[in-house]
Protein chains: 2
Amino acid sequence: MEQKICLIGKGNVGTSLLQLLNEKKEEIMQKFHVDYKVIAIFEHDGGLINKTGINLQEVLNKGKDFRELSYWNPGIKALKELGNLDANICIETTPTNPDNAEPALSHIIEALNNKINVVASNKGPFYLHYEKIKKLAQENKCSIRYEATVASCVPALSVKEGLIGNTITSINAILNGTTNYILSRMTSEGIEFSIALKEAQELGYAEADPTLDIEGYDAAGKLVILANELLGWSRTIKDVKIKGISHINAQTIELASVDELVIKHLAIAENGKLVVEPRLIEKDSPLNISGTLNVIELQTKYAGPIILIGRGAGGFEAASAILNDMINITIKQK
Amino acid sequence: MEQKICLIGKGNVGTSLLQLLNEKKEEIMQKFHVDYKVIAIFEHDGGLINKTGINLQEVLNKGKDFRELSYWNPGIKALKELGNLDANICIETTPTNPDNAEPALSHIIEALNNKINVVASNKGPFYLHYEKIKKLAQENKCSIRYEATVASCVPALSVKEGLIGNTITSINAILNGTTNYILSRMTSEGIEFSIALKEAQELGYAEADPTLDIEGYDAAGKLVILANELLGWSRTIKDVKIKGISHINAQTIELASVDELVIKHLAIAENGKLVVEPRLIEKDSPLNISGTLNVIELQTKYAGPIILIGRGAGGFEAASAILNDMINITIKQK
């Protein structure tokens with residue numbers, strides 16, 4: 001079975017996916033009898049199209065200089081070409097504008113309107129326009145999956161299929177590696193927020209402008225997606241009460257420590273409410289994970305808590321989540 | 001869509017499942033358009049059969065006295081009746097004999113030979129005769145699922161579907177709540193093994209004869225199933241190198257503690273080898289969970305570790321895993 005793939009966004013995640021597809025081509029063929037043929041790769045300033053299948057090794061060999069390839073077509077736009085490509089799956093990995101979810105939102109809508117299945121890795125479209133996207137996918141009888149949007153490769157969304165006979169009642173999670181790293185370092189080393197932030201920036205865990213992370217906006221977006229998917233809600237990020245961690249100081253953390261407590265930046269969906277804020281938890285709670293890891297605790301009606309932990313970021317981490325989604329879409333079509 | 005269910009074993013797990021099916025009947029109908037009709041319930045000494053559907057509320061109201069029901073048929077055997085029932089799914093929840101996996105093994109084989117899908121909650125058949133059962137299911141084009149056999153409701157087996165595009169390379173797990181409780185108490189309280197074991201027995205966490213748990217046989221059986229399912233191996237429990245925890249003393253634990261280490265009873269599948277034994281791990285490792293919880297760490301090729309934590313035992317916990325399997329089987333048939 002051949003599946004034609006259109007990739008929009010050739011950054012870290014997009015490039016990792018191409019590498020994964022190239023590396024796992026034979027394994028995927030053997031295990032799932034699927035041949036993923038990448039027929040288009042778009043960037044903001046042009047694209048590569050080859051309807052008989054792009055030579056991935058050639059593109060990967062070029063590294064960041066893929067625009068030097070003879071068939072690089074400057075100026076063409078994914079949005080304009082999507083309808084003519086006859087693709088089976090559109091992979092959307094462009095950076096999200098957190099205010100309007102563009103250009104990802106338009107790409108997703110255009111793909112669905114052309115009856116192309118979608119796998120997306122950026123959360124903006126889903127924390128802003130969840131209902132609209134879901135409805136459009138349904139109307140066009142398309143699959144849309146976006147595992148990579150929450151905790152990257154951790155199967156936070158697909159776990160639903162393994163808990164289908166249970167009832168998930170609430171969510172407690174740590175969904176941002178940057179704030180978790182900062183709080184972990186403040187706790188273990190007794191250092192102040194500003195020092196820990198600087199350390200995180202030097203190590204590449206925090207952006208030069210870390211506002212979206214430390215003020216909780218990033219975690220809030222992911223929480224909305226979790227709540228909509230796992231609890232069946234229909235919310236947007238505007239429904240989340242958000243508090244950041246920049247006012248936490250070393251003294252507060254030390255005070256908590258006396259009572260065997262730690263401060264964590266929790267994302268909580270419970271009793272109809274969505275909250276992201278610093279909270280005290282017990283030191284031996286499974287939520288007390290350190291470093292940049294993410295953790296998601298699902299309270300269930302029939303089986304207590306189910307906890308998932310893993311890396312929340314990284315090119316290959318997101319790419320492997322995308323590949324999971326692609327294969328799940330293809331298998332369910334058969 | 002109607003699905004006729006035959007339940008073998010009405011102990012804690014079987015009864016919890018009946019309660020779950022009764023409670024969730026309308027929800028399952030609404031969400032999945034499936035009507036699970038229990039047409040037979042077998043115990044070792046007889047059974048209830050009603051081909052138009054057993055009244056679950058009536059059976060549940062009777063509690064342990066369900067044999068008083070007018071249509072209780074003493075002496076009938078599941079093994080003999082299975083072929084005449086026209087059931088769609090057979091649920092096997094009888095206690096396993098760890099040496100020969102009976103009577104579960106015979107029930108499973110009989111069901112598959114009659115082209116009945118199987119959901120099983122006891123691990124014996126799978127750590128002793130995995131290959132044989134899988135082959136038989138394939139030959140008869142039947143589904144067989146057994147999520148409840150490993151870490152109960154934790155989606156340790158179905159997580160495979162959420163990691164389908166990745167490659168799981170090794171497993172590190174704590175799969176026995178009894179030994180984990182004992183080691184956790186020895187660590188937190190500085191008490192000796194015998195005291196902690198007695199405490200676990202008083203709380204109902206350990207059996208009167210705790211040998212299978214503390215000598216590692218229980219964990220080894222679960223490890224075999226995990227390795228066969230997630231790593232694609234074909235092993236039996238005879239391939240596991242097993243060491244128990246009864247020789248661990250308070251002094252050893254204290255010694256480890258000096259270097260910020262704890263002793264955990266790990267089940268490991270790595271480099272082609274299966275091992276269950278006490279191991280030193282770092283205090284802040286995600287594997288360092290306390291109490292009776294189970295934890296499963298999957299190392300993946302493309303996304304580092306993915307960790308699952310949850311309750312490893314309990315009637316409703318197992319029953320909800322069984323219901324997950326039932327729904328997954330039914331949905332995939334459609």
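What follows is calculated from the coordinates using simple rules that are stated; it is not laboratory data. Everything numeric in this text was worked out from a predicted model, so none of it was measured. Note that each Cβ is placed from the backbone with ideal geometry, even for glycine, and that neighbours are counted across all protein chains shown.
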### Task
Identify all aspartates and glutamates with a Cα-Cα distance to residue B:273 below 20 Å; exclude those on the same chain that are fewer than 8 residues away in sequence.
B:131, B:215, B:218, B:229, B:239, B:297
### Summary
In vacuo Debye sum over C-alpha of segment A:72-173, base-10 log of normalised intensity I(q)/I(0) at q = 0.10, 0.12, 0.14 Å⁻¹, listed in q order, is -0.31, -0.44, -0.59
### Message
As an exercise, identify the trypsin sites (Lys or Arg not before Pro) in segment B:115-188 lying in DSSP coil whose Cβ has no more than 15 other Cβ atoms within 10 Å.
### Response
B:115, B:141
#### Entry: Projected label distance in nm at residue A:67 and residue B:209, using a 7 Å step from Cα toward the beta-carbon
7.5 nm
### Summary
Summing -39500 (n - 2.57) over every DSSP H run of at least 4 in the protein assembly as shown, dividing by its residue total and rounding to the nearest 500, the 222 nm mean residue ellipticity is -11500 deg cm²/dmol
#### Entry: Cα centroid of segment B:189-224 to Cα centroid of segment A:85-124, whole Å
52 Å
### Averaged over A:164-171, number of beta-carbon atoms from partner chains that fall within 10 Å
6
## Note on the structure
Full extension between residue B:26 and residue B:238 adds, at 0.36 nm per residue less the Cα distance, a length in nm of 71.9 nm
### Query
Once the Cα gyration tensor of chain B is diagonalised, what are the square roots of 5 times its eigenvalues, in whole Å and ordered largest first, as equivalent ellipsoid semi-axes?
36, 22, 18
### Message
What does DSSP give for chain A in terms of the percent of beta bridges that are antiparallel, rounded to the nearest 5?
### Response
65 percent
#### Entry: Surrounding net charge for residue A:261, when Lys and Arg each add one and Asp and Glu each subtract one, Cβ distance under 12 Å
-2
### Ratio Rg/Rh [Cα only; Rh per Kirkwood] for segment B:217-258
1.20
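Restricting everything to alpha-carbon atoms, can you work out Rg to Rh for the protein assembly as shown with a Kirkwood hydrodynamic radius? The partial results should precede the final answer.
On the way: Rg = 26.0 Å, Rh = 26.5 Å.
With Rg and the Kirkwood Rh in hand, the quotient comes to 0.98.
With the cut-off at 20 Å, report for segment B:160-226 the share of all Cα pairs above it, as a whole percent. Could you put the intermediate results ahead of the total?
On the way: 875 of 2211 pairs.
Summing the P(r) tail past 20 Å for segment B:160-226 gives 40 percent.
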### Summary
Quick calc, segment A:183-334, dipole around Cα centre from Cβ unit charges on Lys, Arg (+) and Asp, Glu (-), nearest 20 debye, gives 740 debye
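Among the GluC sites (Glu not before Pro) within segment A:187-268, which fall in a DSSP loop and have no more than 15 other Cβ atoms within 10 Å of their own Cβ?
Answer by residue number: A:192, A:207, A:260.
Let me have the relative contact order for segment A:159-311, percent, based on Cα pairs under 8 Å that are six or more residues apart. Can you show the working numbers first?
Working: 277 pairs, mean separation 51.8, N = 153.
Reported relative contact order: 34 percent.
Roughly how many debye, to the nearest 20, is the charge dipole of the protein assembly as shown about its Cα centre, given +1 on each Lys and Arg Cβ, -1 on each Asp and Glu Cβ, and no other charges?
The calculated dipole for the protein assembly as shown is roughly 2220 debye.
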### For residues of B:296-306, the mean tally of beta carbons on other chains within 10 Å
6
### Task
Mind putting together the pair-distance distribution for segment A:16-139? All Cα pairs, 5 Å bins, whole percent per bin, short to long.
2, 10, 19, 21, 20, 16, 9, 3, 0
### Query
Can you list the chymotrypsin sites (Phe, Trp or Tyr not before Pro) in segment A:48-109 that are in a DSSP coil and have 11 or fewer other beta carbons within 10 angstrom?
A:71
### Message
Can you tell me which of B:19, B:251, B:299 moves the most in a GNM of chain B? Springs connect C-alpha atoms under 10 Å apart.
### Response
B:251
### Summary
Of the candidates A:219, A:256, A:181, the farthest towards the positive dipole end of chain A (Lys/Arg Cβ +1, Asp/Glu Cβ -1, centred on the Cα centre) is A:219
## Note on the structure
Cα-Cα longer than 25 Å, checked against B:24/B:134; A:31/B:134; A:31/A:80; A:24/A:64; A:4/A:25, kept in input order, equals B:24/B:134; A:31/A:80
### Query
Measuring from the lowest to the highest alpha carbon on each principal axis, how far does segment A:159-311 reach, largest first, in angstroms?
46, 32, 24
#### Entry: Solvent-free Debye scattering, log10 I(q)/I(0), computed from the Cα coordinates of segment A:143-195 at q = 0.13, 0.22, 0.32 Å⁻¹
-0.51, -0.89, -1.23
### Message
Could you compute how fast segment B:192-271 diffuses translationally, taking Rh as the Kirkwood radius over C-alpha pairs and applying Stokes-Einstein at 25 °C with viscosity 0.890 mPa s? Give it in µm² per second.
### Response
171 µm²/s
#### Entry: For q = 0.26 Å⁻¹, Debye-computed log10 I/I(0) when each Cα of segment B:88-147 counts as one equal scatterer
-1.06
### Task
Could I have the simple spin-label model distance between residue B:106 and residue A:35, label points 7 Å from Cα toward Cβ, reported in nm to one decimal?
5.1 nm
### Query
Say a paramagnetic label sat at a point 7 Å from the Cα of residue B:333, along Cα to Cβ; which residues of segment B:96-127 have their backbone N under 20 Å from it?
B:107-121
### Summary
About its Cα centre, segment B:254-324 carries a charge dipole, from +1 on Lys and Arg Cβ atoms and -1 on Asp and Glu Cβ atoms, whose size in debye to the nearest 20 is 300 debye
### Query
In percent, how large is the relative contact order of chain B, given Cα pairs closer than 8 Å and 6 or more residues apart?
19 percent
## Note on the structure
Taking a label point 7 Å from the Cα of residue B:79 along Cα-to-Cβ, the residues of segment B:229-247 whose backbone nitrogen sits under 15 Å from it are none
